[in-house]
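We did not get these values from a lab; they are worked out from the coordinates using the rules stated. For clarity, every value in this text was computed on a predicted model and none was experimentally measured. Neighbour counts are summed over all protein chains in view; Cβ atoms, including those assigned to glycine, are modelled from backbone coordinates with ideal geometry.
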Amino acid sequence: MCFNNYEPRTIEGGKVGAKGFRLYLGNTITVIFIMEFACKVIAQGFIFGENSYIDDAWNKLDFIVVVTGYVYYKFLLLTSS
């Protein structure tokens, strides 16, 4: 991934760790996928209906990404305490 060696800097010139940046980026992307999932499920329905969320192959992939991100986030919360 292109962010592997990226080290952003703060305004004061101090370093922000690359690990922290990747964690922030991963969490942001997960939240975006969750919001997309919620909007589509509200609009289309999850399983039942003519054009339900699960009928589309891309939505199945999105669902796997959302579930994986959620499980990973919960794992981080459990191991950090």
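A few remarks follow.
- Positive dipole terminus of the range 29-80, leading residue within G49, S80, V65 (C-beta point charges): S80
- Lysine-lysine proximity count for the range 11-81, Cα under 24 Å, sequence distance 8 or more or distinct chains: 4
- Using R0 = 35 Å, the C-beta based FRET efficiency linking T68 and F21 works out to 0.95.
- Taking N as its residue count, the alpha carbon Rg of the range 29-80 over 2.2 N^0.38 Å: 1.26
- Estimated at 0.36 nm per residue, the fully extended path between L78 and T28 surpasses their Cα-Cα distance by 16.1 nm.
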